[in-house]
Amino acid sequence: MTTGDSAAFGQLCDLVSVQRNPNDIPEATYLGLEHLAPGRMRTIGSGRAADVQSHKFAFQRNDVLYGKLRPYLDKAVLADGDGVCTTELLVFRAKPGVDPRYLACAVHAPAFIEHAMSGVTGAHHPRTSWSHLAQFELPRHDDREQAAIARLLWDVNDLLITYESAIESAEELKRAAMTQLFTRGLRGEAQKETEIGLMPQNWEVVSLGSLGKIGNGSTPKRTVPAYWVGGKFPWLTSAKVYDREIEQADQFVTETALEECHLPRVKPGAVLMAITGQGKTLGHCAVLNIEATISQHVAYVQTDIERAVPGFVRGYLETQYDNLRQVASGGGSTKGALTCVFLKDLPFPLPPTLDEQREIVAILDALDRKIALHRQKRAVLEELFQALLRKLMNGEIRVADLDLSTLTESQATEVAA
C-alpha cells in the first residue's frame, strides 16, 4: 500500500455473514450490543451461545464487530477470540496487508460515524448498511503507518480503560466506606437494630425534618420578562445537584420573580435534592455554598448546623439513593417524584456529636476528591483520544509528527495506585 491517496472502506475489509446455530456450539462466546461500550475497542463483557436463540453471525479472532443499529452510539470492538454475535453487529474481516487493530480504529473515527449516520434507514430503529459503509473514503496508509496509528490509539484507549477501572474501584470503595461509617460509626462501639437497620449504640434515629426546614421551589414563567431579564439572584435546576458542592448558578431571576412567585431564599449550608425525573438525576444531592433559589424539581433541607453537618446529611442521603428512587417510582404520592412531606418523615441516623459527623464527612470528602481527580484525568485523556483519532485517521497528522514523551506507562501506574 502507498501513502498519499485514498481508499474506500470496502477495499480494506470484507463483510463476513456466516451464520451459526448457537445450539451447535453452546459453550462458544456470545457478544451482543450490551457487551460493547460506546467509543471503546474492547468488549466490556460477554455471554454464552447456550443462552441465546436463533442463528447468529460467526466471528473469528481479529474480526471487527460493528454495531449497525444507531451508529451514533459508536459501538465497535476487535474480537479477541472466536464466537458468535447478534445480527445487529456487522462482522468485518481485514484484507491481507491491513492491520485489524487499525481497522478497529477506523470505524471509531468521527468522519466514519458521520458517514454511517448519513445512510441510516428506519425511523424508530435506524440502521446503517454494509453497502453504504463500504463507500466511505479514508486516507490510504502504508503498513508501517497503520501499525503506528494502531499502536498509539490502542495505548491511549487502554489507558482510558485503566482510568475507568480506577473510577469504578474508587466508587466501590466509597460505597463500602459509607456502609461501614453509617452502620458502625468511627468508634467501633456496639451496634443496635433500628427501623433503618444497624447503627452505633449511641446514635439516634430522628426525622430528616427535625434537622431543619424542608421545602421546594418553582419556575417563574419564561414568558414574563420581568422575572428573568436583568436577574441577578441565582436560580438552580435539578441538573446542579451533580456539582455536589454548588458554588455558582447558570441562571438568574429578578427580585420581582422572588416576590411574586414565592421563591424560597435558600441559604448556604442547605442540602439540595433532585425530587423528580426518570433518568439518574432523581435522588442526587448537593450542598449549597451560595444563597440561591430553586425550581420545583428540587427540594432543600435548610439544616440546623448546631445539630447536623450539611455534608453528613448529604452523605447519608447518598446511601439512600436506590431506596429513594424506588419510593418515587412506586410508593410515593406522586408517581415519578418525591414529596417534601415524605422527606420530612424520612428516618435519619444522627451521631451524638458534630465532631463525629465532621470526621465522617472528611473521610467521604477525601474519597470524593480521589474520584473527581480520576474523572478529570479521564476527561483529558478522552479529549486527547478523540483528537488523535480524528487527525490521524483523516491524514491531518502522522504519528511521526507527534511528541509522545509525556504519554508513558507511568501514567497507568499512577492511575492504579
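Observations on the model:
- Three-way shape call for the stretch 97-181 based on the alpha-carbon gyration tensor, with the a/c threshold at 1.5: oblate
- Taking Cβ atoms as reference points and 13 Å as the exclusive limit, the residues near Ala28 contribute a net charge of 0, counting Lys and Arg as +1 and Asp and Glu as -1.
- Total charge dipole magnitude, the chain, about the Cα centre, Cβ charges on Lys, Arg, Asp, Glu only, Debye to nearest 20: 780
- Among Gln146, Gly212, Gly185 - extreme Cα towards positive end, dipole of the chain, charges at beta-carbon: Gly212
- Relative contact order (%) - the stretch 204-350, alpha-carbon pairs under 8 angstrom, separation at least six: 33
- Count Lys and Arg as plus one, Asp and Glu as minus one, and take only other residues whose Cβ is under 14 Å from that of Phe348; the net charge is then -2.
- Peptides 367-374, 14-21, 97-104 ranked from most to least packed give 97-104, 367-374, 14-21, packing being the mean of other C-beta atoms within 10 angstrom over each peptide's residues.
- Ordering of 227-233, 159-165, 139-145 by burial proxy (mean other Cβ atoms within 10 Å per residue, highest first): 159-165, 139-145, 227-233
- Distant-in-sequence amide H partners of Val206 (H built 1.01 Å from N, under 5 Å): Phe348, Leu350
- Answer label for P(r) over Cα pairs in 10 Å bins from 0, in percent (calculated), chosen among (i) 5, 23, 35, 27, 9, 1, 0; (ii) 4, 17, 21, 19, 19, 14, 5, 0; (iii) 5, 22, 32, 26, 13, 3, 0, 0: (ii)
- Radius 13 Å from Cβ of Tyr72, net charge of other residues (Lys, Arg +1; Asp, Glu -1): +2
- Rounded, prolate or oblate (a/c below 1.5 giving rounded, otherwise prolate when a/b exceeds b/c) for the stretch 238-382 by Cα gyration tensor: rounded
- Rounded tilt (10° steps) of 354-393 against the dominant C-alpha axis of the chain: 20
- The 3J(HN,Hα) values that the Karplus relation (6.51, -1.76, 1.60; θ = phi - 60°) gives for the stretch 214-227 are, in residue order, 10, x, 9, x, 7, 10, x, 4, 5, 7, 9, x, 5, 8 Hz. Gly and Pro appear as x.
Laboratory data are not the source of any read-out in this text; all were calculated from the coordinates shown. Because the structure is predicted, anything quoted here is derived from the model rather than measured. Here the Cβ is made from the backbone with ideal geometry for all residues, glycine too, and neighbour counts use every protein chain on show.
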